[in-house]
Each structure stands twice: as C-alpha cells, then as structure tokens.
Amino acid sequence: MPDKVTDIVLAAERLRAGDVVAFPTETVYGLGAVAFDPRAVERVFAIKGRPANNPLIVHVTGPEMARAIVAPGAWTDAADRLARAFWPGGEHAGPLSIVLPKSDRIPPIVTGGGPNVAVRCPEHPVALALLFELQLPLVGPSANPSGSISPTTAEHVRAAFNDQVPVLDGGPCRAGIESTVISLAGPRPRILRPGLVTAEAIARILGEEIENAAPQPQPGAPLDAPGLLPRHYAPRTRARLLDLNALLDELRHAPHARRVILSHSLSDAANIITLPTDPESYAHRLYAALREADARALDEILIERPTGAHPHWRAILDRLTRATAD
Ligand code: TXA
Ligand code: MG
C-alpha cells in the first residue's frame, strides 16, 4: 500500500522517482506521472485500463513550459493569446487544454502515437505548487477507470485506486467537469471537448468563429478526439436522460420503480437528488451526484435534461449524453 501523500514536496519526489501520484485540479483529479518518463506514463495507462491510442493531457506551469514541449514554432500567437486569457492569472481564467504539434521531447506513448499534444495549466493551488516544485510537465488523465465517472474528491480516487496510487488531497474540485479541449493543430481552431471555457469566449479572444465538437455523438460516426467515446463518464447503473415532462410521466405511470432521479426541478425526496439550477453549481455537483445515485444500486437512474440557454449547459449536456449512451 502506498503511503499517504499529504505533502507536495514528497509527491514531487515520488513523481521524479517514476511513481504515479493522483493530484487535484480545479476540474477533476488527475493521475499524474512525469511526461518525459515513458515507463511511468505506461503505468498510468495500465492503472486506468485506458486504450493506448487515447492521448493524455500534459499539465504545465504556464506558457513557458508549454512552449518547451510543443514542436518548434508551434506555440503560435493564437496559442499564446488563449493561454494568457484562460490559464491562471488570465482575465477569463477557466479550464482549457490546447492541442498543438508535439516536440520530440514528448514520448509517443503520451500522445497515443499521434503527432499532437494537449497542454493545460490547471488553476488549483496544489496542482500549481506541485508543478512548480517539480519543474517538469505532468500527464494527468482523470483519475478514474477508463469510461467511468471522473473523480471530484480525493475520496473518489481512493475508492477506485486505493491500493495502487497515493493521492494528494486538495479538497473537492471547484469546476467539477473536465477542461475544454481545443485543437489548434488543424487548419482552423476546433473544440474537441466542450467545457466551461466556451466556444463563444474563445471566439472573442481569437477574433474568429470556433467550430464546436458534435454535441450528440452518433454511434459509428468518426470520433472528434480519440477519447470522445459515445459512452463515457458513465455510472454502472443504466441511466436515461429525459425532458421534465417525460420524467413526470414516468413517475406517474410507475411511481414505485427502483430508481434514482437527478433533477433540478423536483425537490429532494427519498429517491430524488436535487441538482442546482445554475450551470456552474450544477457542474460542480454533477459527478458526485451521479456517484451517489450509482451507489444506491437500484435498477436505473433517470436524469432530467437541462434546457437552459447559457453556453455552460453545452458542456454539461455533453457529459450527460455520454453518461446515458448505450
Ligand atoms: O480537466 C481535465 O482536462 C482533466 C484534469 C485532470 O486535467 N483531465 C482529463 O484528462 O480530463 P482525460 O485524459 O480524462 O481526457 C483528455 C481528453 C480525452 O478525450 C483525450 O482523447 C483528449 O483529451 N486529448 C488528449 N490529448 C489529445 C490530443 N493530442 N489530441 C486530441 N485529443 C486529445
Ligand atoms: Mg477522463
């Protein structure tokens, strides 16, 4: 059993020695390993059960470290503007990963064999302190078994990997859903995974329209990013996404079914978990609520489909759609 890592210096030492250590970010907890250490990165894939062709995000201290791990000349003016606007300290700070051609210093295993690397600077004091202490880039996929719900507390990570990975505890994650992933590696900027940094906000910084990832992944359609599987972020219990009216119909027709309901319109009851109505609080709560619902081990989870117009709902709907896909 790994020792508890309560100390940033100790966590950095273990990472430097080739260990995997889970760390908090503002979005979800990540499974950290030094990006230049292919054996440590291999362990991350093994622990998660992640397919080898699904690339990992590399966490950096800021634009300077990012520039050092992308290909010469790849840190363009657009990349720099996005990083300065959205990475910590920026006027519009929010979780954003930027995909760019990779430098030869990044081992192919990190990028699933592909030519591009996703870089992101997390806005969490513990993550930043760890990165500054290390002075090395860290891979950090969400610290959950591949395909299941991302962890938003240290306890969630321990529940999945207690005997395998020490966890640096930074409390519950503020944002609660994963970073926006934007590719600047193609002819036009394109969002590969929606998140709380929206296409609209990016468009304002770059001064051009931004293409969004397909909101509803169609089975069999080509994947936008290797990791954007139709079913992802999913509880073990069967889950369905329903409009409020359909949900009320179900409740009327089968009031005693063995199920849990996640709703932002219905108030708390024995089998109802009430979620907040504003998208930021909803995102913050969502994964813990899905886990609570899953832990009750009933026959199904019904989720009320949010209908709000705020662009943050797009990222939430993306996660709900994947959590409820067959
Ligand atoms: O908020 C986050 O991004 C969290 C925290 C821990 O930083 N990390 C995270 O990593 O969500 P992961 O591995 O669970 O999801 C990364 C997503 C995957 O869908 C992956 O396919 C995509 O980003 N991705 C990573 N590198 C990529 C690349 N080079 N090209 C295209 N997509 C990439
Ligand atoms: Mg993940």
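Taking segment 187-209 and a reference point 7 angstrom along Cα→Cβ of HIS92, the backbone N atoms nearer than 17 Å belong to 189-209. Say R0 is 22 Å: what FRET efficiency, to the nearest 0.05, do THR76 and ASP104 get from their beta-carbon distance? That gives a FRET efficiency of 0.75.
Span-like helices, the chain: DSSP H, alpha-carbon axial extent 18 Å or more, mean Kyte-Doolittle -1.0 or greater, which ones? Walk me through the numbers before you get to the answer.
On the way: long enough: 279-295 (24 Å, -0.65).
Helices passing the filter in the chain: 279-295.
Equivalent ellipsoid of the chain: semi-axes from √(5λ) of the C-alpha gyration tensor, largest first, are 32, 23, 17 Å. Expressed per residue, the C-alpha convex hull volume of segment 65-179 stands at 119 Å³.
In this simple spin-label model, placing a label point 7 Å from the Cα along the Cα-to-Cβ direction at both GLU42 and SER281 gives a separation of 4.9 nm. The distance between label points at HIS256 and ALA269 comes to 1.5 nm (points 7 Å beyond Cα on the Cα→Cβ vector). When only the Cβ of Lys, Arg, Asp and Glu is charged (+1, +1, -1, -1), the dipole of segment 224-307 relative to its Cα centre reaches about 340 debye.
Cβ-to-Cβ counts within 10 Å put PHE161, PHE36 in ascending order as PHE36, PHE161, the fewest first. Charges were assigned to the Cβ only: +1 to each Lys and Arg, -1 to each Asp and Glu. The resulting dipole of the chain about its Cα centre is roughly 580 debye. Count Lys and Arg as plus one, Asp and Glu as minus one, and take only other residues whose Cβ is under 11 Å from that of PRO63; the net charge is then +1. Among beta bridges identified by DSSP and lying wholly in the chain, the antiparallel ones come to about 45 percent.
A cut-off under 12 angstrom between Cβ atoms defines the neighbours of GLN135, and their net charge, with Lys, Arg +1 and Asp, Glu -1, is -1.
In a DSSP loop and with at most 12 other Cβ atoms within 10 Å, the trypsin sites (Lys or Arg not before Pro) in segment 230-274 are ARG236, ARG258. List residues of segment 138-181, by number, whose backbone nitrogen lies under 15 Å from a label position 7 Å along Cα→C-beta of LEU10. Once the point is set 7 Å along Cα→Cβ of LEU10, 165-170 turn out to lie under 15 Å by backbone N, inside segment 138-181.
Any read-out appearing in this document is the output of simple, stated calculations on the displayed coordinates, not a laboratory observation. These numbers were taken from a predicted model, which means no experiment stands behind them. As a convention, Cβ positions derive from the backbone with ideal geometry for all residues, glycine included, and neighbour counts pool all protein chains shown.
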